[in-house]
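Each reported figure results from applying straightforward, stated rules to the coordinates on display, with no laboratory input. Here the structure is a predicted model, which is why all the values come from computation and not from measurement. Backbone-built Cβ (ideal geometry, glycine too); neighbour counts: all protein chains shown.
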Amino acid sequence: MKDLIFEYYFLVSTSFIMSGLFLLVLGMLVWPVGSRWKDSLLAVLVYISVVALGMSGDIKHLNPVGFVHALTAVFIACLAIRYYKNRVAYLFLVPCFFAGVVILFNLFSEGRGLELMGRWTIAS
C-alpha cells in the first residue's frame, strides 16, 4: 500500500484537486441562489486557501505547526460548507482529505516523509 501511495500520490492528488476546483466553480455558477459570480469568486479564494494550507511543508514533516495548518484548513472548509449550504460546497473537503492522507502516511511510516512532489526524504 505504501508503494502505491508513493508512486501515484502526486498524480492522483493534483487531478482530484484540479477537478474539484473545476466542479466547484461550475457548481457555483449553476446554483440558482445568490450572486453567482460573487459566490464563485469567493469559493475559488476559499478553495485556494484550503489547498495552500494543505500543502504546507510542516504537514509533510509532521511538525506541530502542520497539524494546526491541517485543522485550520478543515475549519475553513467547514465554515464555507455552512455558508454556501449546498452539496457542491463539500468539494472544499477534497484538499483536506489529501492533507489527512499525508499526515496518516507520515504517522505510519517511521523515519520517512511523503514529499508532495513524489520524492522520499529521510527525516533527520
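Summary table below
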item	result
Cβ-based exposure ranking for 61, 69, in which fewest neighbours within 10 Å come first	61, 69
Estimated distance in nm for a label pair at residue 52 and residue 22, the labels positioned 7 Å out from Cα along Cα-to-Cβ	2.4 nm
Neighbour net charge for residue 25 - beta-carbon separation under 12 angstrom, K R +1, D E -1	0
